[in-house]
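The values are calculated or read from the model by the stated rules, or taken from the named source; none is laboratory data. Quick caveat, the model's predicted, so the values are computed rather than measured. Positions of Cβ are generated from backbone atoms using ideal geometry, with glycine treated the same way; all protein chains shown enter the neighbour counts.
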Amino acid sequence: MIATNNLCLKYTSVAYYYIGRSLTTIFNVIFTFLILGEKTSKSCMVCCAIIVFGFWLGVDQESLAGSLSLAGFIFGILGSLSLSLYSIFTKKVLPKVNGEIWALSYANNTYATLLLIPLMVLNGELGELSSYSGLFQPYFWEIILVGGMCGFAIGFFTTLQIKFTSALTHNISGTAKACAQTVLASYWYQDKKSVLWWMSNFIVLFGSACYTRIKQVDMEKRHKENDAYVRV
């Protein structure tokens with residue numbers, strides 16, 4: 001998940017990252033049905049169609065501007081897919097570790113380390129690392145340490161959020177975060193974007209917000225039905 005996110009950012013701008021990652025909700029619907037067997041209402045499917053339209057419009061505008069990267073596009077989709085799977089499997093696996101977030105975070109980081117080392121070898125990154133002039137500089141290791149701590153914190157609080165809410169809630173909050181990130185990145189880097197490009201962002205955000213509201217109403221309805229059943 002983190003690898004595909006970083007690769008998406010490598011080949012695209014921070015502003016496009018939001019559009020590239022906007023399919024998380026779509027994959028969440030698909031994998032929730034395939035893995036958990038939960039069906040989605042027609043209203044939610046309409047919201048998904050709105051999100052897909054916003055995604056397509058954003059990609060189209062990036063293409064017209066000449067800034068569309070095929071690699072970034074692919075890694076953005078893979079990032080959405082992996083985030084959705086990560087959220088769903090985290091929710092599914094947490095009961096097996098008695099809800100212990102520290103244990104799950106430790107396991108995730110251990111597996112990630114074991115998986116990424118062979119990838120570093122295959123991509124020739126070990127050679128680049130050994131020839132890097134600042135390898136033994138304190139600043140380099142300070143940045144690595146801070147990055148590692150931030151990465152661990154993100155994973156920990158992601159798991160914490162999924163534990164006390166749901167995979168969907170995490171994905172939606174991630175979409176909102178990415179939207180704010182897009183606005184800040186566009187301002188910071190002074191990117192000039194077309195009106196349709198901004199519309200694509202708002203369409204994705206609107207579709208995600210509608211999806212969230214519909215799921216919230218469904219959950220409240222289900223909760224009331226369960227309460228009524230318990231009283232009986």
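Some points to look at:
- In segment 166-204, the qualifying residues are those that are hydroxyl-bearing (Ser, Thr, Tyr) and in a helix (DSSP H, G or I), and the one that is farthest from the chain's Cα centre (by Cα) is TYR187.
Residue by residue, here is whether (1) acidic (Asp, Glu); (2) within 14 Å of the chain's Cα centre (by Cα); (3) at pLDDT below 80 holds:
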| site | (1), (2), (3) |
| --- | --- |
| LEU68 | no, no, yes |
| PHE75 | no, yes, no |
| SER80 | no, yes, no |
| VAL93 | no, no, no |
| LEU104 | no, no, no |
| THR110 | no, no, no |
| ILE143 | no, no, no |
| GLY147 | no, no, no |
| PHE164 | no, no, yes |
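- Test: residue in segment 107-114 that is in contact (Cβ under 8 Å) with a residue 60 or more places away in the chain and touching a Lys or Arg at 6+ places or on another chain (Cβ under 8 Å): no
- Selected residue [closer than 25 Å to THR165 by Cα, surrounded by 11 or more Cβ atoms within 10 Å (Cβ to Cβ) and not aromatic (Phe, Trp, Tyr)] from LEU94, LEU116: LEU94
- Residue in segment 182-194 that is farther than 24 Å from ASP218 by Cβ and at pLDDT 80 or above present: yes
- The one condition from (1) assigned to a helix (DSSP H, G or I); (2) touching a Ser or Thr at 6+ places or on another chain (Cβ under 9 Å); (3) surrounded by fewer than 16 Cβ atoms within 10 Å (Cβ to Cβ); (4) modelled with pLDDT under 85 that ASN5 does not meet is (3).
- Considering segment 86-106, the residues that are in contact (Cβ under 8 Å) with a residue 60 or more places away in the chain and not aromatic (Phe, Trp, Tyr) include one that is farthest from TRP56 (Cα to Cα), namely GLY99.
- Helices (runs of 4 or more DSSP H) within segment 32-142 that include 1 or more residues of a type in the set (Phe, Trp, Tyr): 42-65, 70-93, 101-122
Table: residues versus (1) closer than 19 Å to ASN6 by Cα; (2) basic (Lys, Arg); (3) out of contact with any strand residue (DSSP E or B) (no Cβ under 7 Å at 6 or more places or on another chain).
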{"site": "TYR139", "(1), (2), (3)": "no, no, yes"}
{"site": "GLU142", "(1), (2), (3)": "no, no, yes"}
{"site": "GLY151", "(1), (2), (3)": "yes, no, yes"}
{"site": "GLY155", "(1), (2), (3)": "yes, no, yes"}
{"site": "LEU160", "(1), (2), (3)": "no, no, yes"}
{"site": "PHE164", "(1), (2), (3)": "no, no, yes"}
{"site": "ILE172", "(1), (2), (3)": "no, no, yes"}
{"site": "LYS177", "(1), (2), (3)": "yes, yes, yes"}
{"site": "TYR187", "(1), (2), (3)": "no, no, yes"}
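- Test: residue in segment 48-65 that is in contact with a Cys (Cβ under 6 Å, 6 or more places away or on another chain) and either over 26 Å from ILE162 (Cβ atoms) or surrounded by fewer than 22 Cβ atoms within 10 Å (Cβ to Cβ) (or both): no
- Against the numbered list (1) among the hydrophobic types (A, V, I, L, M, F, W, C); (2) more than 23 Å from LEU85 (Cα to Cα); (3) out of contact with any helix residue (DSSP H, G or I) (no Cβ under 6 Å at 6 or more places or on another chain); (4) surrounded by 13 or more Cβ atoms within 10 Å (Cβ to Cβ), TRP197 comes up short only at (3).
- Top-ranked residue of segment 139-187 - restricted to ones that are touching a residue at least 60 places away in the same chain (Cβ under 8 Å), farther than 26 Å from TRP198 by Cβ and polar (S, T, N, Q), ranked as surrounded by the most Cβ atoms within 10 Å (Cβ to Cβ): THR159
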